[in-house]
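Asks: My questions will all concern the structure given below.
The values are calculated or read from the model by the stated rules, or taken from the named source; none is laboratory data. Quick caveat: nothing in here was measured; it's all calculated off a predicted structure. All Cβ positions, glycine included, derive from the backbone under ideal geometry; neighbour counts span all protein chains shown.
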There are 4 protein chains.
Amino acid sequence: MSSCYGKNVKISIFGQSHSEAIGVVIDGLPWGFQPDMQALSDFMTRRAPGQNELGTARKEADRVEILSGLVNGKTCGAPLAAAIKNTNAHSADYENIMDIPRPGHADFTAHMKFGGCQDVSGGGHFSGRLTAPLCIAGAICKQILEREGICIGAHIDSVAGISDDKFNPMIVSAADFERVLANGFPVLNAEAGEKMRAAILAAKAEGDSVGGTVECAVTGLPAGLGDPMFDGMENRIAQIVFGIPAIKGIEFGNGFEAAALRGSENNDPYRMANGKIVTEGNNHGGILGGITSGMPLLFRVAVKPTPSIFKEQNSVSMSKNENAVLTVKGRHDPCIVQRVVPCVEAAAAIAVLDAWLDYKMYR
Amino acid sequence: MSSCYGKNVKISIFGQSHSEAIGVVIDGLPWGFQPDMQALSDFMTRRAPGQNELGTARKEADRVEILSGLVNGKTCGAPLAAAIKNTNAHSADYENIMDIPRPGHADFTAHMKFGGCQDVSGGGHFSGRLTAPLCIAGAICKQILEREGICIGAHIDSVAGISDDKFNPMIVSAADFERVLANGFPVLNAEAGEKMRAAILAAKAEGDSVGGTVECAVTGLPAGLGDPMFDGMENRIAQIVFGIPAIKGIEFGNGFEAAALRGSENNDPYRMANGKIVTEGNNHGGILGGITSGMPLLFRVAVKPTPSIFKEQNSVSMSKNENAVLTVKGRHDPCIVQRVVPCVEAAAAIAVLDAWLDYKMYR
Amino acid sequence: MSSCYGKNVKISIFGQSHSEAIGVVIDGLPWGFQPDMQALSDFMTRRAPGQNELGTARKEADRVEILSGLVNGKTCGAPLAAAIKNTNAHSADYENIMDIPRPGHADFTAHMKFGGCQDVSGGGHFSGRLTAPLCIAGAICKQILEREGICIGAHIDSVAGISDDKFNPMIVSAADFERVLANGFPVLNAEAGEKMRAAILAAKAEGDSVGGTVECAVTGLPAGLGDPMFDGMENRIAQIVFGIPAIKGIEFGNGFEAAALRGSENNDPYRMANGKIVTEGNNHGGILGGITSGMPLLFRVAVKPTPSIFKEQNSVSMSKNENAVLTVKGRHDPCIVQRVVPCVEAAAAIAVLDAWLDYKMYR
Amino acid sequence: MSSCYGKNVKISIFGQSHSEAIGVVIDGLPWGFQPDMQALSDFMTRRAPGQNELGTARKEADRVEILSGLVNGKTCGAPLAAAIKNTNAHSADYENIMDIPRPGHADFTAHMKFGGCQDVSGGGHFSGRLTAPLCIAGAICKQILEREGICIGAHIDSVAGISDDKFNPMIVSAADFERVLANGFPVLNAEAGEKMRAAILAAKAEGDSVGGTVECAVTGLPAGLGDPMFDGMENRIAQIVFGIPAIKGIEFGNGFEAAALRGSENNDPYRMANGKIVTEGNNHGGILGGITSGMPLLFRVAVKPTPSIFKEQNSVSMSKNENAVLTVKGRHDPCIVQRVVPCVEAAAAIAVLDAWLDYKMYR
């Protein structure tokens, strides 16, 4: 059982949707780094619920309390612990799912794993709310990487089948990430964004939900980051990204599309450019053999539609062992893709910083 | 840097394409288990090169030597170490790639990581040959799981854009896996298989290569296997599967397809069937919240086309820092998808056995 | 850098002596267990400062707040996080040691490691105060083990060269542990305890300090617990026990004494007793080859005298690179051995529970 | 279950006393390092059996075969695997201990752990023979550290109660280590060595055995190596050192002796010496708060007398559940302390190199 990740930077995430607090301990951060608390807070806001009409009605201030790890605002070599108090819990909304599991959610599987001991309320430890501590850790790792010239950004790649533009895989840069943030809605193409919003509201009106995809880029990486076989960049990123609820797939570079190409189409030839070795395309998503090539690192994840919908659904009573009908209560997003965007950045930041420290070790 | 994987069953893979030997140490296997050496050998043959006209001309007996870990043919609690001697190495074929990296391969990235110290010959530690020790470990884990009623099988899902049938996600079983094996070529639909073979030979004739996808299923799993957040089944499987060279994407259940669905379409409602709780569909691929639901576990991976092609390609001379043209020599598969099939099974078996031991721990 | 320990039960300890809070996240606890909060509180009191005239004047309520991990008072499979607010910090006392390191303390080494970024105040993350979260985790693990019939107890073995009686290595039991607790001062022999107290007060009167040894026993263990080579019981216990500040040595069974014996004297012959295989002596301290024999597990640790003494000491100014004289301020125990007693129990409990889960995994 | 150790440099040891081979995989070695194979062989000879009349009659060439990890004699970033063939196994000698466990050995505990599946022959995976792969890994790590100016040496501290001189804790250096090696018998004081040899032969003549202690020093360490709490130098070294069979205790610096001192006696004051901060004594053994001080790192371990003696011993028949008398056959050392000396150096070297890489990571 493990809500722990990392080799050099080790995170240990705790909390349930309705527990006293949620939070994270980050062991192994480089010392002497002064986190920008405003930037941290802004990052948390991107993930927070209740930002607009597209999201859940649950409004949480999500105020991050630093419990330890800083001296005069700088990391001091001691683990950085941070917590967020849970203040706005409606546990009563969850009484029925104690017995009647929500389709598409972890209610049933957690019940089977923990023999009925699991925290049902609000989804417990399986709640999307637990991505908040991931974002705390990720925001700090991201800031540390930025100091090294490594930037991470993501955007909605699609929602309900409506596609945004893609990052340019050859020259995506921090400017693109800022452009995404400047939009209220994290897309590159504002028009596509409008269509997505309409699709979300349409689903919401029907008590239904939509899914989507997120594209993430890491720029400024040197060639040579990542390790062979099971600690390659793909392995590291995939392991942490699947820790975000609702993610069901990940692909690097052109991913599944590569499967239908010929080698001569898919290979990215090398060429000299300004005295540096680069590739002519970036089908490989900046990773070959698990190791960075110096090109932008690119990956895409699939986010399933929010399982908590307000339509009546077939389910079972686990106590009575009989079929039952479920009507979900509570506050649920008709689309979580926009909130997954910062979570994916956070996950990538933690994985990349951990690999970065391994990279530095042998130099 | 790590060619190690696992928490309870820990594998440590060693070797280079042309080193004295390649192999694996497996620490933490359940004891008292008698591996079926013939079944192990048969499994290795599925991965081995030189099986037919579709593959590389390199023929390796790939005879597995057990160095330790067995007493009277049974696991004894000591680590099981196994090695395969490298007998058929043509290092001279690799002289030019020392300086001129092959597009799509790890030559350049390994060079940047290891500062020129890496083993270039045959791809060194990054060679597809290193999937042989993975298959040794996987074959043994698979046999142990079979004793528990857990079966693992995979097939080619597509090659060069030509699709095989899918496993039936509700009732896939060991019988389907046997059906795949009975074919010389690991597909469900023999006709599709013929088209794939033709596509591979067409690419080969042009000195080119093709990619594809592999679908893998795990049956017989109880509900409740897998752990929260970073040790869920998706995380565990993804981390090891990306250790297989050329894999660029993974999706569980309907994966990327789910992104375009509504929640009401994608959720799998529960129902009672023969006194057991099951789902009405299996879009979730047998995993919710990282934990198994008791339905077949299903995932799909993308395999890029073999990067080593015989067509002339643009590259660079790393020593001269100038553009160069590369002609790859050596023996290379025009398609590795059929050989990736057992590797994916092996990776899944190791991940599932490791999770299975965690599952047993708390019971 | 790591304040993390454990494979199945993973603890991540955070905090500095004067940070907002100190605490621990415990990942992987068995679920459905109801911690006895009164027993936890009582256990914390044994470690707490300010209990009597022998200790520091710093009085901390050390009230444990459970932030997550329980539902209706029972573990729910989510990580258990607990924190203690720091309320009684006198940071001003530590201003001089910022520049002039205290002999015998981690001031200088932490300065060299963290380049001056470390938290100096109160010893920061190196403070003995950080054993409080260890005790939280240990107290809960201990309670879980007790449910399995495994009991852990320790006592002062010696202080300032004055020896307590030893546990009877053949038949030590929970009754002995209760006897130790019934004393206000954790010894078996009250008379020896009186002499120790006198020695501590004598040292205190001189602004000096004393050290001692602690003996710990684990009873009720089955034979067969622990794993080969680097995960044996000795390895596991030693790794965590050295996490308690001031511990400089550990020995199992007769330990260093064995070095002077002959094999014929040191070996513990087997014999049948009530149908069970036992040993005739317990020089081996209940461990052979890293694995428990079913006899009481016994070990002893050396605790150096508190380095913070009030006598003037030679030191250096790190900023001026010149010799200096240091007068320590703050509140410091003349003897910490009695407070180390529960810490050693806590450390042993965590190590044993972690091994216990490995033991169950293969059964 | 784990014969794996390490975070950055990960070793995985395999083999049984009478298996086909024993060996080790070392993952994560710095690349571009050329091991001195003669020095490796010389180091192995120090551990090898059959060197003189003091040891076992089992003569093993212990020829190390490098299976992978080198290119042109230099580490190449791929795991280094090495094996030693077992050539001189007398399994028949071990038939009786299958049923009648040797007192003081792991026969009984391994039987209880592995339910009778363990390899009994020659002690299986618990044999002292398994220190050979530890020495391979240690010898290579030691050579890498030497390149950084870090030297490791050990000597017999005592045998059968007869004490050697101690290293000078202030100025021990590589010259002392060479002096130890120059003796045929690894002591500082040749006269004490003669007495030890006599004591060993006296025990041997009686079919008995003797134990002893080993002192180990690491010189040339910078201040600031090691990590807080559970990854301090003491924790790291203790965890691996207890992987050497027969070790029952470890102490750092003055260790258990410190327990009887006052703080004013035990603290090592700082002073300036040639512009560098040093301590006036080295009671702390070069470690404070788990972190190196820049003074020599010193520790001492207790080695119990060889449990395999030729005197008749009481034991039990595990199959018949009745008392029995055991006469040990086979080839056993009357004293293993001299052979433990290089093993302790090897263990220390692996732990220090692993910590060294963590140290470099943050610089």
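Asks: Among the residues of region D:276-284, are any closer than 27 Å to C:Asp157 by Cα and among the hydroxyl-bearing types (Ser, Thr, Tyr)?
Replies: no
Asks: Would you mind stating whether B:Met170 is surrounded by fewer than 21 Cβ atoms within 10 Å (Cβ to Cβ) and at pLDDT 95 or above?
Replies: yes
Asks: Any residue that is in contact with a Gly (Cβ under 8 Å, 6 or more places away or on another chain), within 20 Å of B:Met112 (Cα to Cα) and surrounded by 23 or more Cβ atoms within 10 Å (Cβ to Cβ) - is there at least one of those in region B:301-317?
Replies: Yes; the residues of region B:301-317 include at least one that is in contact with a Gly (Cβ under 8 Å, 6 or more places away or on another chain), within 20 Å of B:Met112 (Cα to Cα) and surrounded by 23 or more Cβ atoms within 10 Å (Cβ to Cβ).
Asks: Under the condition of being in a loop (DSSP other than H, G, I, E, B) and at pLDDT below 95, which residue from region C:335-363 is surrounded by the fewest Cβ atoms within 10 Å (Cβ to Cβ)?
Replies: That would be C:Arg363.
Asks: Which members of region C:154-167 meet the condition of being in a loop (DSSP other than H, G, I, E, B) and crowded, with 21+ Cβ neighbours inside 10 Å?
Replies: Those that are in a loop (DSSP other than H, G, I, E, B) and crowded, with 21+ Cβ neighbours inside 10 Å: C:Ala160, C:Asp164, C:Phe167.
Asks: Moving on to the next point. Looking only at region B:270-286, how many residues end up being more than 9 Å from chain A (Cβ to nearest Cβ) and either hydroxyl-bearing (Ser, Thr, Tyr) or under 19 Å from B:Gly249 (Cα atoms) (or both)?
Replies: So the count comes out to 1.
Asks: Based on what the data block shows, is A:Ala202 facing chain B (nearest Cβ under 7 Å), out of contact with any Cys (no Cβ under 8 Å at 6 or more places or on another chain), small (Gly, Ala, Ser) and free of Cβ contacts under 8 Å to residues at least 24 places away in the same chain?
Replies: Judged against the criteria, A:Ala202 is not a match.
Asks: Could I ask something else about it? Find the residue count for region D:205-226, including only residues that are surrounded by fewer than 24 Cβ atoms within 10 Å (Cβ to Cβ), within 8 Å of chain C (Cβ to nearest Cβ) and closer than 28 Å to C:His125 by Cβ.
Replies: Qualifying residue count, region D:205-226: 3.
Asks: Being more than 8 Å from every other protein chain (Cβ to nearest Cβ), over 28 Å from the mean Cα position of the chain (by Cα) and in a loop (DSSP other than H, G, I, E, B) is the filter here, so list the residues in region D:287-326 that pass it.
Replies: Matches in region D:287-326: D:Glu312, D:Ser319, D:Lys320.
Asks: Within the group A:Ile144, A:Ile171, A:Ile162, A:Ile152, which residue is out of contact with any strand residue (DSSP E or B) (no Cβ under 6 Å at 6 or more places or on another chain) and closer than 22 Å to A:Ala82 by Cβ?
Replies: On the way: A:Ile171 fails: closer than 22 Å to A:Ala82 by Cβ; A:Ile162 fails: closer than 22 Å to A:Ala82 by Cβ; A:Ile152 fails: out of contact with any strand residue (DSSP E or B) (no Cβ under 6 Å at 6 or more places or on another chain).
It is A:Ile144.
Asks: Another question about this same structure. Of the residues that sit in region D:75-99 and are more than 19 Å from D:Pro133 (Cα to Cα) and surrounded by fewer than 22 Cβ atoms within 10 Å (Cβ to Cβ), which one is modelled with the highest pLDDT?
Replies: My answer is D:Asp99.
Asks: Please go through region C:224-237 and pick out each residue that is closer than 11 Å to C:Leu297 by Cβ and either in a loop (DSSP other than H, G, I, E, B) or free of Cβ contacts under 8 Å to residues at least 24 places away in the same chain (or both).
Replies: Scanning region C:224-237 gives C:Leu225, C:Gly226.
Asks: Looking at region C:18-37, I want the residues that are part of a loop (DSSP other than H, G, I, E, B) and have a partner that is modelled with pLDDT under 95 and of a type in the set (A, V, I, L, M) with Cβ atoms under 7 Å, at least 6 apart or on another chain. Which pairs are those?
Replies: C:His18/C:Ala89; C:Gly28/A:Met1
Asks: Would you point out the residue of region A:106-132, among those that are within 7 Å of another protein chain (Cβ to nearest Cβ) and surrounded by fewer than 24 Cβ atoms within 10 Å (Cβ to Cβ), that is farthest from B:Ala355 (Cα to Cα)?
Replies: Checked region A:106-132; the qualifying residue farthest from B:Ala355 (Cα to Cα) is A:Cys117.
Asks: Considering every residue within region B:269-288, establish whether at least one is in contact with an Asp or Glu (Cβ under 6 Å, 6 or more places away or on another chain), among the basic types (Lys, Arg), modelled with pLDDT under 95 and over 30 Å from A:Phe299 (Cβ atoms).
Replies: Scanning region B:269-288 turns up no residue that is in contact with an Asp or Glu (Cβ under 6 Å, 6 or more places away or on another chain), among the basic types (Lys, Arg), modelled with pLDDT under 95 and over 30 Å from A:Phe299 (Cβ atoms).
Asks: Answer with yes or no whether D:Ile136 is at pLDDT 95 or above and either under 13 Å from the mean Cα position of the chain (by Cα) or part of a loop (DSSP other than H, G, I, E, B) (or both).
Replies: yes
Asks: Could you tell me which residue of region A:189-222 is farthest from A:Ile152 (Cα to Cα), considering only residues that are in contact with a helix residue (DSSP H, G or I) (Cβ under 6 Å, 6 or more places away or on another chain) and outside any strand (DSSP E or B)?
Replies: The selected residue is A:Asp208.
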